[in-house]
Amino acid sequence: MKTDDIRRAYLEFFRSKGHEVVASDSLVPKDDPTLLFTGAGMNQFKERFLGRNVTYKRAASSQKCLRTGDLENVGRTAGHHTFFEMLGNFSFGDYFKKEAIGWAWEFLTQSLKLKPQNLWASVYQDDEEAFGIWKDVIKLPAYKIIRFGAKENFWPSEAPAKGPNGPCGPCSEIFYDWGEKFGCGKPGCTPACECGRFSEVWNLVFTQFDRQPDGALKPLPSKNIDTGMGLERIAAVMQGVRTNFEIDIFRPVVEEIKKASKSRRINMSRVNAIADHIRAVTFTICDGVMPSNEERGYVIRKLIRRCAIYARELDIKPPFAYKLVSAVVEAMKPQYPALVERRDDIAQVVKREEESFLFVLQTQIPKVEEAFKELAHAKGGADLAAAAFDFYDTYGMPYEMLEEMAEKYGLKIDRTAFETLLEKQRELSRAKTKIKSEIFTETFAKKVEALGLKTEFLGYENSHAEAKVVAVLGAGEVILDRTPFYGESGGQVGDWGEIETASGRMEVEDAKRIGDTIVHIGRMERGAIKTGEKAKVRIDDTVRKKIMRNHTATHLLQAALRKVLGDHVHQTGSLVDQDHLRFDFTHMKKMDEREIGRVEELVNDAIKKAIPVTKEIKSIKEAQAEGATALFGEKYGDTVRVVSVSGVSNELCGGTHVDNTGEIGLFKIIRESSTASGVRRIEAVTGAAAEEWMEKQEERAAAQEKSEAAKEEAKKAMALRLKEELAKVDSFVANARAAGSARVVVEKIDGVTMDVLRTLSDAIKAKAGGARTAVVLATDDGAKVSFIVALTEDLSKGKIGANEIAKALAAQVSGSGGGRPDFAQGGGKEPAKLESALKSVLNTLKEKLS
C-alpha cells in the first residue's frame, strides 16, 4: 500500500467518524513563540485543547513535523527522522478512551487489513480503564497488553513526578510484531524488549488530568484525545520493509544518492541521513525558512552542511544535495503541490548554501588540524572535547569527521565530555524555544483569547462607528463589540484614532488582532473608559489612507518583481505602515540598477492607469483556480478575501486597500538589501512620502554637486598657489640660515595645504643640490597649525631627526607630531604661537647642527 494511499485512507476513515479533516499547519508555528518548529500534530490545536475557539469537537490531520532532538540517530536507526508526517485524530471534550482505542483497532485491522495476531498494546501501569478496554472490548489477550511506567506511557513523560504543570495524562501504544525471526528469539520477548522485533506504530494520549503545582493530578472537566501515528513508520509496516528509508516516498531519493556515490563500500547510514535531511530542508524552505545563523535558519543551515559532509564521505562530487530537491518534490507532490512551484527556488537556495559551506570547509579543516596538532599532548582531555564541540556546533562538522581527524594525531575525543557540552547546548536551545514550566503558557494573547470575545470588524466600509465596551484589560487596552479599527495582521499595522465614552477618551495608537478579538491600545486623554459603556469610535483617516496606499503598492510590487526577476519570487515577509512599505522575497542575488528601475516603472505604470482594485469573498478552491497568490506557509479557511488589480495582481489578503491604483501616487524604491541567504528586501515609499523623498534626494544631489564644484575650484586655486610658491624656491634657499656646514630653511606660508608643503620641501631639497639642508615649513588657517620637517639623508643620520624636531615644534603649539628621521609632520591648536615656535626650532637646529 503506497504512502499516499495510507494517508488518504486514514483521513477518510476519521472523516467517516465525524472528524473535521484539517490541513497540515506550516512547519513554522504561527502565533506560538514556545516552539521553534511544529513537532506534533496537536500543536495547531492547542487552543482547542484549552477549550477555546472550539468550532468542531473532532479533528484529524496529517501534520508536517520537524524535530532535531535525536539528530545523531538519524540515518543510523530504522525510524528516526528530522522531517516526518504525523497522522493524528483529536477529540476536544468529546469522545474518550473507548472510541479512541476502538477506532485505532478498526483502522489497523479493517482499513489496513493488518492481522490482529501481529498487534500488541501497552498501557500506563495504573490505567485500569484502558487495560479493560483492550482486554474486554477489543478482546486482545491479556498477555499482549503490556503495562509501562510514567516514563514510557504518560504524556508528558514522567509528568506525575517531575511535571511540568498543566494538562497531562496516560497513553496507550500500539505495536506491530514483525515475528520471532526478527528479534532476540527469546520465548518471552514483548514490546518491552528493545531487540527490534516490535515497532511502535500509534500512540494514543488520554489527556484527563491537570497537574497542580503541588504535584496533584486534578481531573479535567473536559477530557481530550490526542493521537499520533508516524506515517513513514506505518508505511514501512504496510510495505513490508524494515526501515522507513525503504518505503516508496524515500526510495527514489535514496537511489539517487547511491547512484551518485563513487565509494566502493557505501555507508547506508550516511545515505539515509542525506535523504532525511534534504526532505526536511525542502519542506522548511518551502514554508519560508531560509538558512541563517539564528534559530530556525541555523537548523536548516546545519542540515544542509551535514548533507554536504556526508556526501563528501560517500565520494560524491559537491555541490550535490540541491540535485535531490527534484526527487523529493516528485515523491511528495501529490499531497503537497506547492512544492512544485517552489522546486527551482529551493534547489538554488540549497546549492548556494552548499557552495558557501565548501568554502568554510576549505578554511576550517586546516584550523581543525592545527588545533588538534596543538592538543596532541592532551589525549582525551576536556580541551580536546571543547575544541571538537566548537567546530561541531559552530561550523556543522559532524562528530565522526572530527574523530577521524583527531585519530591522525593520536588523539581520542572524550565522548562523554563532548556529550555533556552538547546537552548544555540543547538546554540553552530548549530554554529559548520550548515551553519552560507550563505546557500551555498564559501570554497576553492567550489571556485575550480566554475571554472568548469576538469583535466585528467594520473597517472595510466604515471609518467611524458606535460600539459597546465589552472589556477593559488595563490602562489603554480596550475591547469593543464592533470596530472600524484594523487589528495588526498580515504585515499591516493597526489603525490609529480615538475611542470616546461618557466617562473617558482614549487616543488609539495601535490595534492588535488576537484570534477573533481586536484589542485597541493607546493612552488615556481624559477620565477612564469603563466596561459596558457605549463608545464613539473613529479611525484617523489620514493614517489609514497612507497605509492603504502602501498595502496596495506592495501587491503591485510583488507582481512587478515576479515579472522582472521570475516566478521564483515569493513573499517571505512584509511590513506595511503609514510611512513606508517593506517587502521580503526569495531571490538569490542583489538586484542591479536596471532591474530596480524596471520594477519601479511597472508599478508606476499600473498606478498611472488608475485600475480599479476589487475585493471579493470567495471559496478557497475558487480563488486557487483563478490563480490567486497565497502566502506560503499560511493556512486559509474555506472562504478567503481576494484583492485584485485587473491584469496585474490577484492575491489572498485581509488587509485594507485603495479602490483605485491611481490613489497611490508616486512609487519609489528607496533601498534594496539582503536579510538572509536567498532572501532580499525592498523598502519603498508612496504618494507624498515618495515625492518628499525625491525632493530630498534632489537637494542632496544639488548639494553634492555644489560641494564637488567647490572642491574642484579649491583644487584649481591650490594648484595655482603651488605654482606661485614654487617660483619662490630660489629665494627660500637663498634666505637659508647657516648652521655649521648645514643650511636651515624655516618658512611660514599662509593658506596652503599639507600637500603643498610636502611638494615645496622636495623642491627646496632638490634646489640645495646635495648640500646638507633642513627644511621646516608651516601654515595655519586661523584655527589650526600644520607643518612638515624634512632633512637631507646625511643630516637625518646625525645628531637629530625630523621626528624629534616635529615633536618639539608641536609641543609649542598644543599639538602632536612625528614621523621618520628624514621626514615628519604634525599640527597644533594654537596658531598664535606659531611664529615664536618656528624661531625656537630654528635656534635648536642651529645649536644641534653647528
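A few notes on this one:
- Scanning the range 246-270 for residues that are part of a helix (DSSP H, G or I), crowded, with 24+ Cβ neighbours inside 10 Å and of a type in the set (A, V, I, L, M, F, W, C) gives 253, 257.
- Where residue 655 falls short, out of the listed (1) crowded, with 19+ Cβ neighbours inside 10 Å; (2) closer than 17 Å to residue 584 by Cα: (2)
- Under the condition of being part of a strand (DSSP E or B) and within 14 Å of residue 654 (Cβ to Cβ), the residues counted in the range 473-510 number 3.
- Exactly one residue among 14, 45 is open to solvent by less than 20 Å² (accessible area, probe 1.4 Å) and modelled with pLDDT of 95 or more, and that residue is 14.
- Residue 130 being open to solvent by less than 10 Å² (accessible area, probe 1.4 Å), touching a residue at least 12 places away in the same chain (Cβ under 8 Å), not charged (D, E, K, R) and not in a strand (DSSP E or B): yes
- Hits in the range 800-850 (condition: over 15 Å from residue 739 (Cα atoms) and polar (S, T, N, Q)): 803, 812, 814, 816, 825, 836
- Selected residue (only one of 152, 99 is under 26 Å from residue 210 (Cβ atoms) and more than 41 Å from the chain's Cα centre (by Cα)): 99
- The selection criterion, being more than 21 Å from residue 133 (Cβ to Cβ) and either touching a residue at least 12 places away in the same chain (Cβ under 8 Å) or β-branched (Val, Ile, Thr) (or both), does not hold for residue 112.
- Some residue of the range 671-680 being open to solvent by 50 Å² or more (accessible area, probe 1.4 Å), within 25 Å of residue 603 (Cα to Cα) and at pLDDT 95 or above: yes
- Qualifying positions in the range 719-741 - closer than 12 Å to residue 756 by Cα and open to solvent by less than 50 Å² (accessible area, probe 1.4 Å): 722, 725
- Of the helices (runs of 4 or more DSSP H) lying entirely inside the range 1-109, those containing at least 2 residues that are over 20 Å from residue 119 (Cβ atoms) and without any contact (Cβ under 8 Å) to a residue 40 or more places away in the chain span 3-16.
- Hits in the range 578-602 (condition: of a type in the set (D, E, K, R), touching a strand residue (DSSP E or B) at 6+ places or on another chain (Cβ under 8 Å) and assigned to a helix (DSSP H, G or I)): 600
- Only listed residue being assigned to a loop (DSSP other than H, G, I, E, B) and aliphatic (A, V, I, L, M), chosen from 557, 631, 575: 631
- Flag if residue 312 is of a type outside the set (A, V, I, L, M, F, W, C), farther than 29 Å from residue 24 by Cα, in a helix (DSSP H, G or I) and open to solvent by 10 Å² or more (accessible area, probe 1.4 Å): yes
- Reported count of residues in the range 119-170, each being among the small types (Gly, Ala, Ser) and in contact with a helix residue (DSSP H, G or I) (Cβ under 8 Å, 6 or more places away or on another chain), is 8.
- Test: residue 183 is closer than 30 Å to residue 117 by Cα, small (Gly, Ala, Ser) and either buried (at least 18 other Cβ atoms within 10 Å of the Cβ) or out of contact with any strand residue (DSSP E or B) (no Cβ under 9 Å at 6 or more places or on another chain) (or both): no
- Flag for residue 800 being free of Cβ contacts under 8 Å to residues at least 40 places away in the same chain and not in a helix (DSSP H, G or I): no
- Check on residue 581, under 27 Å from residue 542 (Cα atoms), surrounded by fewer than 19 Cβ atoms within 10 Å (Cβ to Cβ) and touching a Leu at 6+ places or on another chain (Cβ under 8 Å): no
- Residue 22 being among the aliphatic types (A, V, I, L, M) and surrounded by fewer than 22 Cβ atoms within 10 Å (Cβ to Cβ): yes
- Scanning the range 617-627 for residues that are surrounded by 13 or more Cβ atoms within 10 Å (Cβ to Cβ) and either modelled with pLDDT under 90 or in a strand (DSSP E or B) (or both) returns 618, 620, 624.
A quick yes/no check of all residues on (1) crowded, with 18+ Cβ neighbours inside 10 Å; (2) at pLDDT below 85:
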site: 397; (1), (2): yes, yes
site: 415; (1), (2): no, no
site: 430; (1), (2): no, yes
site: 435; (1), (2): no, yes
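- Odd one out for residue 216, checked against (1) open to solvent by 20 Å² or more (accessible area, probe 1.4 Å); (2) in contact (Cβ under 8 Å) with a residue 24 or more places away in the chain; (3) out of contact with any strand residue (DSSP E or B) (no Cβ under 8 Å at 6 or more places or on another chain); (4) not aromatic (Phe, Trp, Tyr): (2)
- Matching entry among 655, 647, 662 (being farther than 20 Å from residue 338 by Cβ, touching a His at 6+ places or on another chain (Cβ under 8 Å) and of a type in the set (Gly, Ala, Ser)): 655
- Residue in the range 795-802 that is within 30 Å of residue 714 (Cβ to Cβ) and either surrounded by fewer than 17 Cβ atoms within 10 Å (Cβ to Cβ) or in contact with a strand residue (DSSP E or B) (Cβ under 8 Å, 6 or more places away or on another chain) (or both) present: yes
- Filter result (under 24 Å from residue 445 (Cβ atoms), open to solvent by 40 Å² or more (accessible area, probe 1.4 Å) and in a strand (DSSP E or B)) within the range 516-538: 521, 523, 524
- Flag if residue 203 is open to solvent by 20 Å² or more (accessible area, probe 1.4 Å), at pLDDT 90 or above, of a type in the set (S, T, N, Q) and under 35 Å from the mean Cα position of the chain (by Cα): yes
- In summary, helices (runs of 4 or more DSSP H) completely within the range 725-796 and bearing 3 or more residues that are farther than 12 Å from residue 845 by Cβ and within 60 Å of the chain's Cα centre (by Cα) occur at 754-767.
- Residue satisfying all of: in the range 742-757; without any contact (Cβ under 8 Å) to a residue 40 or more places away in the chain and open to solvent by 40 Å² or more (accessible area, probe 1.4 Å); farthest from residue 725 (Cα to Cα) among these: 743
- Residue match in the range 450-468 (condition: more than 23 Å from residue 641 (Cα to Cα), in contact (Cβ under 8 Å) with a residue 60 or more places away in the chain, part of a helix (DSSP H, G or I) and among the acidic types (Asp, Glu)): no
The values are calculated or read from the model by the stated rules, or taken from the named source; none is laboratory data. Here the structure is a predicted model, which is why all the values come from computation and not from measurement. Glycine gets a Cβ as well: all are built from the backbone with ideal geometry, and neighbour counts include every protein chain shown. For the accessible areas, the whole protein counts, side chains as well, though only heavy atoms, and no ligand, DNA or RNA atoms are used. Shrake-Rupley method; radii C 1.70, N 1.55, O 1.52, S 1.80 Å.
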